[in-house]
Amino acid sequence: MKYLLKSVLILIFPIFGWAQNSAVNITPEKFSNEIYTFPIDAADGWVFHKGNDTNWSKKDIDIKGWEKLKPTDLSAKYADKNGRVEGWFRIKVTFDSSLLNKVLYVDFGQWAATAFYIDGELVTARGNTGEKGKDFREYNGGLDPLSFRFDTPAPHVFSLHYVGYLSPVPPYDLKTKNFNRIVGLCGPNYITKRVKNAKISYTFTASWLVVCAILSMLFWLLLLQNPKEKNLFWIALYTTAFTIYIYFWSSAFFYSGITFIEFKTYYFLTGLFQTGTLFLLLPILIIKVFNRKINSKLFLSLIILYIFNILVDFLSSLYSETSPLIFGASIVFILGVCLYYVIISWKSLKGAQWAIVAGLIFTAFILLAGIILALIFRNFANSSFFNSLFTSFYFLAFPLSLLVYVSMRFKEMIKEVQENAQTVVELSEEKKVQAENQQKVLEEEVTRQTSEIRQTLENLKTTQSQLIQSEKMASLGELTAGIAHEIQNPLNFVNNFSEVNTELIDELKQEMDKGNLEDARAIADDIKENEEKINHHGKRADAIVKGMLQHSRSNSGVKEPTDINALADEYLRLAYHGLRAKDKSFNANLHTDFDKSIGSINIVPQDIGRLMVNLINNAFYAVDEKQKAERLTPNAENYQPTVSVSTKKTNERVEIIVKDNGNGIPVSIKEKIFQPFFTTKPTGQGTGLGLSLSYDILKAHGGELKVETKENEGTEFIIQLPI
C-alpha cells in the first residue's frame, strides 16, 4: 500500500505547478530551539537539473524539464562513470514578517563542493566545484555557516550548485549520504548555541581522554613495579585500548579539517578498538580479576564475535539500521557473560573484587537511566551538557572502578605484607636469645680478626718502608764504586799538590836564605795557586760525600733550587763508574746534551737524583744485555752500546731524557713497568720498585714520566718537571 501511494503521487506531481510557482514559507514555528530546526534540503519544493550551467543560478529562468528532487534524495544513480555527481538545485522561499531583518544562517554539509546563490547572486562557496578551470576540492570545514538577512518577505530563490563523488569505501554512495544533509537553514541563535555545544563536547571529550590516558600510564607504571601482579596487565591493556578508542572516536566525529578517507579510517579504527575493548578485553578482565579460568569455547566465541562485528561495521553504512542492532545484541551477550561470572563468583568475592562489581553495576545503571530520561524528557536528549555529563559517567565509571580496585588491591597487599612481617617477628622472638649469643660470638671473632688484620697492616707498612729504604740503599750501593772513583780523582790531586807544595816550601826557604826575594815571591805564588787547586778538589770530594749522604738519608720533602744539568751529569758519571767497578768488561758511550738556559729549578734533589739513578742504571742494564747477546752473533763489532742524557726547556716544563739503544721494552709488558714489584731482571738482581718509586716521585713533584720504546732499537724515558 505504501509503495502504491508513492507511485500515485509520482504520477500526479507533474499536474500540479511543476513550474516552481509555489514558494515554501519559512515561519518561526519551523525553527525548533532555533538550531537546524528547518532541514531545508529535505523540504518539498526543490527541483534539480543534472549538469553545469551558471545561468541556472538566475532568479527568473524557465525550469521546464527540471526534475522534482530534494537534495537529500540525491543518490549514486546520478553519478557518471567516474563517480562524479554534478547538478543544480533550486527552491523558492518566502519569510514570515517576524523573521525579517533578523540574522539567519545557512550551514553546509561536508565532503562535497557547493556554490550557493540567492536571487541569482553568488553569496558563498564551500570547497571548489571546478568552476573557471579550477580543480575540484571537497569541503571539510567546521563551524563556518553563511549569515544573511532579508527586509522583504517577497519570494526569494535559493540556487545550489552541487558537485560530489561516490565514496571509495563501502557503502559506495555519495559521501554526503552518510550524514543525510547537504544544506540546512538555521535560526538566529544558531552560532551562540552551536559554539556553546561545541565547547561542551570538546571539553568533556578532552577530559575523558586525559583521565583514561593518565589511568593507562599509571597502571603500566604500577605493572612495571609489580610484575607479579598479573591482573595489572589486563587492567592496563583494557584502559589503554579504551583510551585509544576514545581518541579515534573523537577524531572521527570532531572531523573538521580531515578528508573523507581519514574520517572512514578513524571510524573503522574506532570500531576496531571499541569492539576489542567490549567484546574481548572486558570479559577477559572480569574472568581474571575473579580468579577464574578462561574456557576455550568461550574465548573462541569472543574472537568470532569480535571479528563479526568488525566486518559488519566495515561493510555496512555508518548509520545503517542493521549495524546498531547487531552491536546491541553483541553487548547483551557480553553483559550476560559478565553477569554469569559475577553470579558464580558471588560467594567467593572479597575486598577489591567488589570494586569491579560496583563499576559494572554503576555503568549499567547510568546506561539504563540515560535511555529512560531520553525517552521521557525530549529536552534532556537535546541538551548537549546533560548528554555529555551522562556520557562521562558511562565512559569513566568502569575505568575509575579499576582505579579503586587497584588501590584496594595494593592496600590488601600491604596488609598481607604486614601480617607476614608480624609472623616473622613472632618467630624471631623465639630465637632472639640464640641470635644474641651468636652475635656475641661473631663480635668476638670480628674483634680478633680485626686485631690480626691491623697487626698484619702494620707489618706490611713496616715491610714497605724497609723495601723502599732497601731500594734506596741498593741504588746507593750501585753508586758506591762510582763515588769511590769520583772521590779518588780529587784526592789524588790533593796529594800531588800537597807533595809539590812541600818541595816548593823547601825551595822558598833556600831562596830566602840567599836573599833572592823575587824568586821567593814567584815560589810563594806557585804555592798559593796549588793551595787553591787543593781547596777546589777538596770541595769537590766534599760535594760528592754530601750527595751520597743526601741520597741515603730519609726524604725531608723540602724543595730547593738545584742545577738540573749538573745533577744529571753527576749521576750519569757516578752510575757509569759504579757499573764499571763491578764489571770491568762493561763499556758504553756516554752522550750529554744539556740546555744551559734552564738554570736552577725547585726540586727535592735527593729524590730526583734517586729517580735518575734508577733510569740510568736501567739504561746501562739494557745496553749491557744487548751487547752480551750481540757477542754471540757475527755482527758483534757493529753494535756500540750508547746511553745519552739530555735536558731541554719547553713552555712551562723541563724535560730530562734518558735514552739507550738496547733491546727496547716488549709491547706486552709496557703497561706493567710502573707496577710495584714488576721486574724483567733475573731473581736477585732487581726488586721491581725502581720505576714504581720513580713514578711516585714525579707525581709528588707535579711532573710526569713517559716512555717511548721500539723493540730491538731502544728506549727513551722522558722526565717532565714543572718550572
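Return the pair list, or none, for Cβ contacts closer than 7 Å from residues in region 633-659 that are open to solvent by 90 Å² or more (accessible area, probe 1.4 Å) to residues that are outside any strand (DSSP E or B), at least 6 apart or on different chains.
So the pair list comes out as 648/595; 649/595; 649/597; 649/598; 652/723.
When only residues in region 668-691 that are open to solvent by less than 60 Å² (accessible area, probe 1.4 Å) and within 44 Å of the chain's Cα centre (by Cα) count, which is modelled with the highest pLDDT?
669
What number of residues within region 126-148 are within 15 Å of residue 184 (Cα to Cα), of a type outside the set (S, T, N, Q) and open to solvent by 50 Å² or more (accessible area, probe 1.4 Å)?
Number satisfying all stated conditions: 2.
Which condition does residue 91 not pass, out of (1) touching a residue at least 12 places away in the same chain (Cβ under 8 Å); (2) open to solvent by 20 Å² or more (accessible area, probe 1.4 Å), if it passes all the others?
Condition not satisfied by residue 91: (2).
Counting only residues that are of a type in the set (Ser, Thr, Tyr) and not in a strand (DSSP E or B), which one in region 116-167 is farthest from the chain's Cα centre (by Cα)?
First, the residues of region 116-167 that are of a type in the set (Ser, Thr, Tyr): 117, 124, 129, 139, 147, 152, 159, 162, 165, 167.
Right, trim to not in a strand (DSSP E or B) and you get 129, 139, 152, 167.
On the way: 129: 49, 139: 42, 152: 68, 167: 44 Å.
Going through the qualifying residues, I end up with 152.
Could you tell me whether region 599-611 includes any residue that is over 22 Å from residue 705 (Cα atoms) and open to solvent by 30 Å² or more (accessible area, probe 1.4 Å)?
no
Inspect region 351-374 for any residue being open to solvent by less than 90 Å² (accessible area, probe 1.4 Å), of a type in the set (S, T, N, Q), modelled with pLDDT of 85 or more and in a helix (DSSP H, G or I) and give the result as yes or no.
yes
Could you check region 584-632 and list, in sequence order, the residues that are free of Cβ contacts under 8 Å to residues at least 40 places away in the same chain, part of a strand (DSSP E or B) and closer than 16 Å to residue 644 by Cβ?
Passing the criteria: none in range.
Inside region 617-647, can you point out the residues that are small (Gly, Ala, Ser) and in contact with a strand residue (DSSP E or B) (Cβ under 9 Å, 6 or more places away or on another chain)?
619, 622, 644, 646
Buried (at least 22 other Cβ atoms within 10 Å of the Cβ), modelled with pLDDT of 85 or more and in contact with a Leu (Cβ under 7 Å, 6 or more places away or on another chain), is that true of residue 114?
So residue 114 fits the description; yes.
So residue 161 ticks every box in (1) modelled with pLDDT under 85; (2) in contact with a helix residue (DSSP H, G or I) (Cβ under 9 Å, 6 or more places away or on another chain) but one. Which box is left unticked?
Going through (1) modelled with pLDDT under 85; (2) in contact with a helix residue (DSSP H, G or I) (Cβ under 9 Å, 6 or more places away or on another chain) one by one, residue 161 breaks only (1).
Looking at (1) modelled with pLDDT of 85 or more; (2) hydrophobic (A, V, I, L, M, F, W, C); (3) open to solvent by 80 Å² or more (accessible area, probe 1.4 Å), find the lone condition where residue 342 falls short.
It fails just one condition, (3).
Please pick out the residue among 277, 205, 243, 265 that is open to solvent by 60 Å² or more (accessible area, probe 1.4 Å) and β-branched (Val, Ile, Thr).
265
The conditions are (1) of a type outside the set (Gly, Ala, Ser); (2) at positive phi; (3) open to solvent by less than 30 Å² (accessible area, probe 1.4 Å), and residue 626 fails exactly one of them. Which is it?
Failing condition for residue 626: (2).
Results for (1) closer than 30 Å to residue 408 by Cα; (2) open to solvent by 70 Å² or more (accessible area, probe 1.4 Å); (3) modelled with pLDDT of 85 or more, shown as yes or no for each residue.
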residue	(1), (2), (3)
213	yes, no, yes
220	yes, yes, yes
234	yes, no, yes
252	no, no, no
284	yes, no, yes
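Regarding residue 404, is this residue in contact with a helix residue (DSSP H, G or I) (Cβ under 8 Å, 6 or more places away or on another chain) and of a type outside the set (Phe, Trp, Tyr)?
yes
Go through the residues of region 42-56 one by one and say whether even a single one is among the acidic types (Asp, Glu) and in contact with a Cys (Cβ under 6 Å, 6 or more places away or on another chain).
Residues of region 42-56 among the acidic types (Asp, Glu): 44, 53.
Next, only the ones that are in contact with a Cys (Cβ under 6 Å, 6 or more places away or on another chain) stay: none.
Checked against the condition, which is being among the acidic types (Asp, Glu) and in contact with a Cys (Cβ under 6 Å, 6 or more places away or on another chain), region 42-56 yields no hits at all.
The values are calculated or read from the model by the stated rules, or taken from the named source; none is laboratory data. On a predicted model such as this, the values are computed, not experimentally measured, just so you know. Methodologically, a virtual Cβ is constructed for each residue, glycine included, from the backbone with ideal geometry; neighbour enumeration extends over all protein chains shown. When the accessible area is computed, the model is the full protein with side chains, heavy atoms only, and any ligands, DNA or RNA have been set aside. Shrake-Rupley method; radii C 1.70, N 1.55, O 1.52, S 1.80 Å.
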